[in-house]
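Notes to accompany the following structure.
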Amino acid sequence: MLEEQATLEQEATATQSADDDGAVHRARIAVKRLRYLLEPLSESDASARALVGRLKQLQDVLGEAHDLQVLVDTLGEAAAEAAAERARRQHRRMVKGEAGGRRSGPRPAPAGVLALAERAARRRREVLEHDLAAWHAGPLAQLLHDIGEWAALLPPLAPAPRKRTPPTPRPTARSAPAAARHTPRE
């Protein structure tokens, strides 16, 4: 439990920089792993249930920031593809001597896709600068502290029993491969 707590602390600290897109995803995964450890205990332990609820809230914030980054990236790729398609069409018209002629087919709309990407990027900045920053202002440290205190109350785990390895049987004349039992005579 303490290892997962330390991982969450490390990854959450990295989310303070908006430059590291992967940090948000890694922190979300760390929250999810810790939450999955606590959920089975939350049915019978009110403290674990409260911790799971707070972890879900943090996971929601990190998940929204990550999903928005994926959306921004996807829309950027779509805008690039739309612009490339427009350039290919212009090139075909030019090669056919149709420059300035009437366009055929639907016109790609990279401007609309870019506008959506800009809105998604703005929302992501809001999530990072407001929602996630609010977690960094105190609740995150308190959550990590509370997890540590709760884990300290758990009874120590008994060491795993040693697994006895059965002895390897010695080969007998019957168990030896046929080639080893029969050697050709000269």
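The values are calculated or read from the model by the stated rules, or taken from the named source; none is laboratory data. Please read these numbers as outputs of a predicted model, since none were measured by experiment. In this analysis, Cβ positions are derived from the backbone assuming ideal geometry, glycine residues included, and neighbour counts consider all displayed protein chains. Accessible surface areas use protein heavy atoms only, side chains included; no ligands, DNA or RNA. Shrake-Rupley method; radii C 1.70, N 1.55, O 1.52, S 1.80 Å.
Residue check: Val70 meets all listed conditions (1) more than 26 Å from Gly148 (Cβ to Cβ); (2) in contact (Cβ under 8 Å) with a residue 12 or more places away in the chain but one, namely (2).
Candidates Ala115, Ala121, Ala99, Ala87: the one that is under 18 Å from Thr74 (Cα atoms) and at pLDDT below 90 is Ala115. Residue count for the stretch 1-15 satisfying the condition of being open to solvent by 50 Å² or more (accessible area, probe 1.4 Å) and in contact (Cβ under 8 Å) with a residue 60 or more places away in the chain: 3.
Of everything in the stretch 16-31, what is at pLDDT 85 or above and either loosely packed, with under 14 Cβ neighbours inside 10 Å or part of a loop (DSSP other than H, G, I, E, B) (or both)? Give them in sequence order.
Gly22
Within the stretch 35-62, the set of residues being touching a residue at least 60 places away in the same chain (Cβ under 8 Å) and under 21 Å from Ala133 (Cα atoms) comprises Leu51, Arg54, Leu55, Leu58, Val61, Leu62.
Filter the stretch 135-161 down to the residues that are open to solvent by 50 Å² or more (accessible area, probe 1.4 Å) and hydrophobic (A, V, I, L, M, F, W, C), then identify the one that is nearest to Ala82 (Cα to Cα). Among residues in the stretch 135-161 that are open to solvent by 50 Å² or more (accessible area, probe 1.4 Å) and hydrophobic (A, V, I, L, M, F, W, C), the one nearest to Ala82 (Cα to Cα) is Ala137.
Restricting Leu34, Leu51, Leu38 to those that are open to solvent by less than 50 Å² (accessible area, probe 1.4 Å), modelled with pLDDT of 95 or more and either within 27 Å of Asp146 (Cβ to Cβ) or in contact with a His (Cβ under 7 Å, 6 or more places away or on another chain) (or both) reduces the list to Leu51. Checking each residue in the stretch 120-171 for being among the acidic types (Asp, Glu) and either under 15 Å from Glu9 (Cβ atoms) or touching a strand residue (DSSP E or B) at 6+ places or on another chain (Cβ under 8 Å) (or both) picks out Asp146, Glu149.
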